[in-house]
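Here is the structure we will look at, set down as structure tokens.
The values are calculated or read from the model by the stated rules, or taken from the named source; none is laboratory data. Every value quoted in this text rests on a predicted model; they were computed, and no experiment measured them. For neighbour counting, all protein chains shown are included, and Cβ atoms are generated from backbone atoms with ideal geometry for every residue, glycine included. Only protein heavy atoms, including side chains, enter the accessible area calculation; ligands, DNA and RNA are left aside. Shrake-Rupley method; radii C 1.70, N 1.55, O 1.52, S 1.80 Å.
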Amino acid sequence: VVLRPGSGTRQQDNLGEADGLALASDPGGTLNFLAMVENLQGDSGRGYYLEMLIGTPPQALNILVDTGSSNFAVAGVPDPDVTSYFNTELSSTYKSQGIDVTVKYSQGSWTGVLGTDVITIPKGIYGSYTVNIATILESENFFLTGVKWHGILGLAYDALAKPSSSVETFFDSLVRQAKIPNIFSLQMCGAGLPVSGSGTNGGSLVLGGIEPSLYTGDIWYTPIKEEWYYQVEILKLEVGGQNLELDCREYNADKAIVDSGTTLLRLPQKVFSAVVQAIARTSLIQEFSSGFWTGSQLACWDKTERPWSIFPKLSIYLRDENSSRSFRISILPQLYIQPILGIGDNLQCYRFGISSSSNALVIGATVMEGFYVIFDRAQRRVGFAVSPCAEVDGSPVSEIEGPFTTADVASNCVSSVSFHEPVLWIASYALMSLCGIILLVLIILLLVPPRCQHRYTDNDVVNDESSLVRHRWK
């Protein structure tokens, strides 16, 4: 059972008691959601990671949870920046597929080999499962000094998997083998805590369902627009309750995604500029250097002060499952004005937790730390609920409100949505017919029409300069 938006009552979710919350109290079942509570550690600056046992006998590694990519990859050789790695020679169940895989980032890359092995998750679903795993043999600027994770768990769709979408993703393997519902949920607890601190912030990755103790109030759902990233539709932004008054397509240029592997809230350049101007106009102190807004400088206050009262609330409106309605998720400044460095006994310095992006709006840890986020792949939707751990000094720093009408926005704010596979083929046949007509006209030149088909390319990535895996393709 989950709370439905606006209902005020609990209604049965389609997971059903057989597959869903009833199993939370069943220690012998495949799913024991309470056992998954607090199974993550980390922080918003370096990422949240899950302990996993890989191979036979099991080797324990910490794996970064990333909803913005789709490969499961771990260090496969010693590296000066990792404390552990997966030694395939010590695992009797490891099988190499002999397929090389390279993932390149805007700054950094890794190359490895695809294989399969068994995994178990000590604080996850019960049992051992065979999954695809890439062992990283060479890397450049991928593993970072001081991080406590040794690999990355991509939880997005197979369309983003490398070297091709034929590589079954980790979560798809769990759904198929463990017969769990096609849904997972994520809570990251770092609100108001120092960025890149001790790395001991808590969090929860619930595989197969929803744990009621991890949220308060209603769960509000927004449709997934396309199954590659978790792409959603954003209708408008407000700063201090004032609408930015931008064309809603600007917020989705060229996509808007929910990505736990990105540290900041990333906004398309035009949106970012409007937000910065609105925050500066609304805040009580407007004399900040441009370096603070661009992330190259910190702003410092006396440790006895709380600068958050200076800044306004930021609200993001998402389209509801009922397309004529919307809801808004709001973050208080405690989430986007982030403590990062103490100087001496007197000063605490903060960074701006929002940055600009060249090709996407990315709802990263800055926002996600305020909410319990449900990735309901079965019903093609992402849910948001207020997280009880999103508190600073005993007060909530996130809000969800709705419903609101969508009469003041366009019926479709996504300027270019990638086609689903059946539609892709229909479009391909239509375009091929058109190409055939052109061929008849140009037959004397013996031209061959190009194949008119869209594919995900290297351009269909997030060039994310604030990613937890730093400057990497997502």
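Sub-6 Å Cβ pairs linking a first residue in the stretch 66-92 that is closer than 15 Å to residue 110 by Cα to a second residue that is of a type in the set (D, E, K, R) and surrounded by 24 or more Cβ atoms within 10 Å (Cβ to Cβ), at least 6 apart or interchain, are 69/474, ordered by first then second residue.
Suppose we filter the stretch 33-85 for residues that are assigned to a strand (DSSP E or B), open to solvent by less than 40 Å² (accessible area, probe 1.4 Å) and of a type outside the set (A, V, I, L, M, F, W, C); how many remain? Residues that pass the stated criteria total 8.
Scanning the stretch 360-413 for residues that are over 30 Å from residue 180 (Cα atoms) and part of a loop (DSSP other than H, G, I, E, B) yields 360, 393, 394, 397, 406, 407, 408, 409, 410, 411, 412, 413.
Anything in the stretch 185-225 that is open to solvent by less than 20 Å² (accessible area, probe 1.4 Å) and in contact with a Lys or Arg (Cβ under 8 Å, 6 or more places away or on another chain)? List them, or say none. Across the stretch 185-225, the qualifying residues are 195, 199, 219, 221, 222, 224. Inspect all residues belonging to the stretch 181-204 and state whether any of them is within 21 Å of residue 58 (Cβ to Cβ) and not in a loop (DSSP other than H, G, I, E, B). No, the stretch 181-204 contains no residue that is within 21 Å of residue 58 (Cβ to Cβ) and not in a loop (DSSP other than H, G, I, E, B).
Can you name every residue in the stretch 241-294 that is assigned to a loop (DSSP other than H, G, I, E, B) and hydroxyl-bearing (Ser, Thr, Tyr)? Listed by number, the residues that qualify are 260, 263, 283, 289.
Criterion first (modelled with pLDDT of 95 or more, crowded, with 23+ Cβ neighbours inside 10 Å, over 27 Å from residue 42 (Cα atoms) and hydroxyl-bearing (Ser, Thr, Tyr)) does residue 317 satisfy it? Against the criterion (modelled with pLDDT of 95 or more, crowded, with 23+ Cβ neighbours inside 10 Å, over 27 Å from residue 42 (Cα atoms) and hydroxyl-bearing (Ser, Thr, Tyr)), residue 317 qualifies. Checking each residue in the stretch 246-273 for being open to solvent by less than 20 Å² (accessible area, probe 1.4 Å) and of a type in the set (A, V, I, L, M) picks out 256, 257, 258, 264, 265, 267, 271.
Quick grid of which residues meet (1) among the hydrophobic types (A, V, I, L, M, F, W, C); (2) out of contact with any Gly (no Cβ under 6 Å at 6 or more places or on another chain); (3) crowded, with 23+ Cβ neighbours inside 10 Å; (4) at positive phi:
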| position | (1), (2), (3), (4) |
| --- | --- |
| 321 | no, yes, no, no |
| 343 | yes, yes, no, no |
| 349 | yes, yes, no, no |
| 355 | no, no, no, no |
| 362 | yes, yes, yes, no |
| 367 | yes, yes, yes, no |
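Residues that are open to solvent by less than 10 Å² (accessible area, probe 1.4 Å), in contact (Cβ under 8 Å) with a residue 24 or more places away in the chain and under 18 Å from residue 367 (Cβ atoms) occur at least once in the stretch 156-170. Just one of (1) modelled with pLDDT under 95; (2) touching a Lys or Arg at 6+ places or on another chain (Cβ under 7 Å) trips up residue 305, so point out which. The failed condition is (2).
Among the listed residues 168, 140, identify the single one that is among the acidic types (Asp, Glu) and at pLDDT below 95.
140
Residue check: residue 91 meets all listed conditions (1) under 21 Å from the mean Cα position of the chain (by Cα); (2) modelled with pLDDT of 95 or more but one, namely (1).
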